[in-house]
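All remarks here apply to the structure that follows.
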Amino acid sequence: MTEATYLHATRTAYDIVAIDYERLLRDELNTKPLDRAMLAAFAESVRTPDSGPVAELGCGPGRVTAHLHALGVDIFGIDLSPEMIAVARRTHPGLRFEEGSMTALDLKDDALGGVVAWYSTVHTPPELLPTVFAECHRVLAPGGHMLLAFKAGDLRRHLDRGYGHELSLDVYWMSPDHVADLMSRAGLVLDAQLIREPDESEKPRQGRQAFFLAHKPDGS
Ligand SMILES: C[S@@+](CC[C@H](N)C(=O)[O-])C[C@H]1O[C@@H](n2cnc3c(N)ncnc32)[C@H](O)[C@@H]1O
């Protein structure tokens with residue numbers, strides 16, 4: 001799949017579901033203590049006084065951006081979908097959200113103290129993941145941190161419905177070892193991996209969920 005086809009399909013699908021996605025997922029983190037623990041560990045890493053701002057890449061309606069902001073993180077959100085950005089701005093009027101793609105970020109080199117990609121690479125065709133990780137590495141300042149959440153496995157699934165709407169979107173479950181290897185090739189150093197079993201709300205359609213903490217080493 002070309003980059004343009006992936007970006008068009010993803011933008012179109014999330015424009016359609018934006019309002020219902022926000023409504024259905026708004027309180028989801030309340031029931032996921034391990035996910036919150038990874039967000040809390042990331043927040044602690046990027047909250048130091050001299051680290052730069054943090055971007056949530058693929059922020060959707062901004063619920064994770066807002067969660068990290070509430071933990072004291074200087075954060076803004078970026079998303080491909082104009083409707084998602086509109087929902088995020090309406091729902092969290094005190095926070096900054098901008099349109100953009102994590103395959104080509106409109107950010108300077110070394111600009112950020114942290115990046116979060118929370119289930120936002122799940123639609124990225126595997127052949128484009130090196131581009132996304134290279135962009136994460138480029139925009140992170142040396143010593144900056146990355147948090148990645150994704151669906152663990154080895155599967156491509158085509159969705160024709162989601163969040164109560166007809167749509168057309170591919171979802172990829174990725175092997176944690178393969179993702180770790182791609183991140184390492186992009187120059188990112190893995191600090192921690194959490195692989196958890198699907199919880200009751202995720203069964204039976206979902207599998208294991210993966211959360212990686214990484215950083216860009218000094219001098220790279
Ligand atoms: C499953 S949602 C996750 C949203 C948010 N992180 C959350 O957890 O609620 C995936 C989001 O990633 C966005 N996305 C996918 N590919 C993207 C890209 N290349 N650049 C920016 N956003 C992207 C989609 O538009 C969508 O809003």
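Miscellaneous remarks
- Qualifying positions in the range 1-27 - free of Cβ contacts under 8 Å to residues at least 40 places away in the same chain, part of a helix (DSSP H, G or I) and open to solvent by 40 Å² or more (accessible area, probe 1.4 Å): Ala4, Thr5, His8, Arg23
- Whichever residue in the range 130-150 is of a type outside the set (S, T, N, Q), over 22 Å from Ala40 (Cβ atoms) and within 11 Å of the ligand (Cβ to nearest atom) and, among such residues, is most open to solvent (accessible area, probe 1.4 Å): Glu135
- Out of Val115, Val122, Val171, sole residue that is touching a helix residue (DSSP H, G or I) at 6+ places or on another chain (Cβ under 9 Å) and of a type in the set (Val, Ile, Thr): Val115
- Residues within the range 115-126 that are crowded, with 18+ Cβ neighbours inside 10 Å and either without any contact (Cβ under 8 Å) to a residue 12 or more places away in the chain or over 12 Å from the mean Cα position of the chain (by Cα) (or both), tallied: 0
- Members of the range 111-121 that are under 11 Å from Phe150 (Cβ atoms) and more than 6 Å from the ligand (Cβ to nearest atom): Ala117, Thr121
- Search result, residues across the range 74-103 that are open to solvent by 20 Å² or more (accessible area, probe 1.4 Å) and more than 15 Å from the chain's Cα centre (by Cα): Asp74, Pro82, Glu83, Ala86, Arg89, Arg90, Thr91, His92, Pro93, Gly94, Leu95, Arg96
- Some residue of the range 79-98 being β-branched (Val, Ile, Thr), over 20 Å from His215 (Cα atoms) and near the ligand (Cβ under 10 Å from one of its atoms): yes
- Verdict on His215 being in contact with a His (Cβ under 6 Å, 6 or more places away or on another chain) and either over 26 Å from Ala111 (Cβ atoms) or in contact (Cβ under 8 Å) with a residue 40 or more places away in the chain (or both): yes
- Scanning the range 20-36 for residues that are within 18 Å of Leu147 (Cβ to Cβ), within 12 Å of the ligand (Cβ to nearest atom) and within 16 Å of the chain's Cα centre (by Cα) yields Leu25, Glu28, Leu29, Asp35.
- Residue within the range 55-73 that is open to solvent by 20 Å² or more (accessible area, probe 1.4 Å), more than 10 Å from the ligand (Cβ to nearest atom) and more than 17 Å from Leu29 (Cβ to Cβ) present: no
- Qualifying residue in the range 146-167 (condition: under 16 Å from the mean Cα position of the chain (by Cα), within 19 Å of Glu56 (Cβ to Cβ) and outside any strand (DSSP E or B)): no
- For the range 184-210, the tally of residues that are modelled with pLDDT of 95 or more and under 18 Å from His123 (Cβ atoms) stands at 2.
- Check on Gly153, small (Gly, Ala, Ser) and either surrounded by fewer than 20 Cβ atoms within 10 Å (Cβ to Cβ) or out of contact with any strand residue (DSSP E or B) (no Cβ under 8 Å at 6 or more places or on another chain) (or both): yes
The values are calculated or read from the model by the stated rules, or taken from the named source; none is laboratory data. This structure is a prediction, so every number in the text was calculated from the model and none was measured. Glycine gets a Cβ as well: all are built from the backbone with ideal geometry, and neighbour counts include every protein chain shown. All accessible areas refer to the heavy atoms of the entire protein, side chains included, with ligands and DNA or RNA removed. Shrake-Rupley method; radii C 1.70, N 1.55, O 1.52, S 1.80 Å.
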